[in-house]
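Right, one structure below, let's go through it.
The values are calculated or read from the model by the stated rules, or taken from the named source; none is laboratory data. None of the values given here were measured: they were computed from a predicted structure. Don't worry about glycine lacking a Cβ; one is built from the backbone with ideal geometry, like all the others, and counts go over all protein chains shown. For accessibility, only protein heavy atoms count, side chains too; no ligands or nucleic acids. Shrake-Rupley method; radii C 1.70, N 1.55, O 1.52, S 1.80 Å.
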Amino acid sequence: MDVKVLSNSDGQLKFVAKDADPTFMNAIRRIIMAEVAIPAIEKVYIAENTSVLYDDIIAHRLGLIPLKGGEILTLTEKCDCDKKGCPKCESILTLEVEAAEDNFLVYSGRMKAEGSVFPANNNIPIAEMNAGQKLTLEAHARLGLGKNHAKWQPVSACAVKYEPIIEIDSKKCDLCGACIEECPKKILKEKDNAIVVTSLWDCTLCKLCEEACPPAAIKISYDDRNSVLIVETTGSLTNDELVLAACDVMLQKCEELKSSIKSLPEAF
Amino acid sequence: MIIPVRCFTCGKVIADKWDEFKKEVAKGENPSKVLDSLGIKRYCCRRMFLSNVELIEESLKFYVRPKEEGKT
């Protein structure tokens, strides 16, 4: 398997894996989305809330804030505290604000981390308050999996795409430019009396150029042995950490399968 | 009410970019260009900005301060 990074900017990682089975790449994608554990606020104890937002709305907004840290925590389901939550599987954050002026915005950066977990982004507004309004709360963050709640999903966009193949028959092509016009991603260009592809990986395989071409000179197909994985983190882990974590989870699953097969009686 | 923390559809964190968006649009900048410069590419995230109305500012006007309550 040959890996080449296409781009790694704006929080989005795009890499091509050559000679990788599409089912394998999809397994990695699904593990990133559903089974990589990250922390998120699970319980909120509100001591005082005189803001115009209900307690429930504030708790919901807190839950969606991406959190960093928490590597030392264990999953609550696997913790010996019987899913009650204990210092081994929970980390506490507190927030205590009294607005001094009108239209005062409380940002996620105001939350004080009592444990290892802290907000990944300090500029998320939690509430807007007028002078004199108070918000005092204690939030308990837990590790969790994306399959249980979207707040534990470490990625926003995460996709696998096959390698597009764009074949242009120069004998049939009359350079009418219909395909250049039709392409929604604008990846075709005329250069030296021929149609050329400027960025192959931006092709969405929509085949609009095929339909637009009167002499049928352009043909779109794909190669499913080479696929691109697009990962866009929400901030808890970096994109490369996510891919590595997904590989670890997969290995761990294989180990579990191996040990359970080995523990079967000989007769099997 | 108040800008949602994440995009309803894809889950991208968008709330942190709202202040910048609001400031630039108030200056008269084209919202489409502001969203491009903030790196909001998908239309699911873009509609979160374009369709948001800060109703919380309207409800804040009706907040009765405890001190004023005593006077009246």
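Taking the 1.4 Å solvent-accessible surface of chain B as the whole, the part contributed by carbon and sulfur is 58%.
Remark on segment A:109-155: accessible area falls by at least 40 square angstrom from chain-alone to full-complex state for A:I124, A:P125, A:E128, A:N130, probe 1.4 angstrom. Could you work out how far helix A:22-34 tilts from the main Cα principal axis of chain A, as a 0 to 90 degree angle to the nearest 10? That works out to roughly 20 degrees.
In debye to the nearest 20, how big a dipole does the protein assembly as shown give about its Cα centre with +1 on each Lys and Arg Cβ and -1 on each Asp and Glu Cβ? Each step should come with its number before you reach the end.
Numbers: 46 positive and 52 negative charges, 36 e Å.
For the protein assembly as shown, the charge dipole is close to 180 debye.
Take the Cα of A:D248, step 7 Å toward its Cβ, do the same at B:M1, and the gap between the two points is 3.7 nm.
With a Förster radius of 45 Å, plug the Cβ-Cβ distance of A:D174 and B:S51 into 1/(1 + (r/R0)^6) and report the FRET value to the nearest 0.05. The partial results should precede the final answer.
Details: r = 45 Å, r/R0 = 0.99.
So the FRET efficiency works out to roughly 0.50.
When the surface is traced with a 1.4 Å probe over the full set of protein chains, A:I165 keeps roughly 60 Å² accessible.
At a probe radius of 1.4 angstrom, the accessible area of chain B per residue rounds to 63 square angstrom.
Stretch B:T9-B:S59 to full length: gain in nm at 0.36 nm per residue minus the Cα-Cα span? It would help to have the intermediate numbers written out before the result.
On the way: separation 50, 0.36 × 50 = 18.00 nm, distance 2.70 nm.
Using 0.36 nm per residue and subtracting the Cα-Cα distance, I get 15.3 nm.
For the protein assembly as shown, just say rounded, prolate or oblate: build the C-alpha gyration tensor, square-root its eigenvalues into a ≥ b ≥ c, call rounded for a/c under 1.5, and beyond that prolate if a/b exceeds b/c, oblate if not. Taking the square roots of the gyration eigenvalues as a ≥ b ≥ c, the protein assembly as shown is oblate.
Excluding ligands, DNA and RNA and using a 1.4 Å probe, chains A and B jointly bury around 2100 Å² of accessible surface, summed across both partners. Between segment A:129-161 and segment B:11-72, the C-alpha centres lie 20 angstrom from each other.
Could you pull out the chymotrypsin sites (Phe, Trp or Tyr not before Pro) across segment A:53-158 that fall in loop regions by DSSP (anything but H, G, I, E, B) with no more than 13 other Cβ atoms inside 10 Å?
Values: sites: A:Y54, A:F104, A:Y107, A:W152; in loops: A:Y54.
Counting only loop positions with at most 13 other Cβ atoms within 10 Å, the chymotrypsin sites (Phe, Trp or Tyr not before Pro) in segment A:53-158 are A:Y54.
Overall, the anisotropy analysis places segment A:123-268 in the oblate class: the square-rooted eigenvalues a ≥ b ≥ c of its C-alpha gyration tensor yield a/c not less than 1.5, with a/b not exceeding b/c.
How big is D, in µm² s⁻¹, for chain B by Stokes-Einstein at 4 °C and 1.567 mPa s if Rh is the Kirkwood radius over C-alpha pairs? Don't jump to the answer; show the numbers that get you there.
Details: Rh = 13.8 Å.
Approximately 94 µm²/s, per Stokes-Einstein.
Selection among A:T198, A:M111, A:L188 by position relative to the dipole of segment A:105-198 gives A:M111 as farthest towards the positive end (Cβ unit charges, Cα centre).
Using a probe of 1.4 angstrom and keeping all protein chains present, the accessible surface of segment A:96-178 works out to 46 square angstrom per residue. Interface burial in segment B:1-26, defined as at least 50 Å² less accessible area with all protein chains than with the chain alone at a 1.4 Å probe, covers B:I2, B:V5, B:R6, B:V13, B:D16, B:D19.
Could you work out the relative contact order of chain A? I mean the mean sequence separation of Cα pairs under 8 Å and 6+ apart, divided by the number of residues, in percent.
Values: 549 pairs, mean separation 70.5, N = 268.
Answer for chain A is 26 percent.
Per the helix-only calculation at 222 nm, which mean residue ellipticity applies to the protein assembly as shown, given -39500 (n - 2.57) for every DSSP H run of n ≥ 4 and division by its residues, nearest 500 deg cm²/dmol? Using -39500 (n - 2.57) per qualifying helix, the result is -8000 deg cm²/dmol.
Once the partner protein chains are put back, segment A:219-237 shows a loss of at least 30 square angstrom of accessible area, versus the chain by itself, at A:E232, A:T234 (probe 1.4 Å, ligands and nucleic acids excluded).
In segment A:4-101, the portion of solvent-accessible area held by carbon and sulfur atoms comes to 50 percent [1.4 Å probe, whole percent, DNA, RNA and ligands not counted]. Length available on full extension from A:K83 to A:T204: 0.36 nm per residue minus the Cα-Cα distance, which gives 39.1 nm. Here segment A:124-268 exposes an accessible surface that is 53 percent carbon and sulfur, computed with a 1.4 Å probe and the other protein chains kept in place. With every protein chain in place and a 1.4 angstrom probe, the accessible-area ranking of B:D19, A:D82, largest first, reads A:D82, B:D19.
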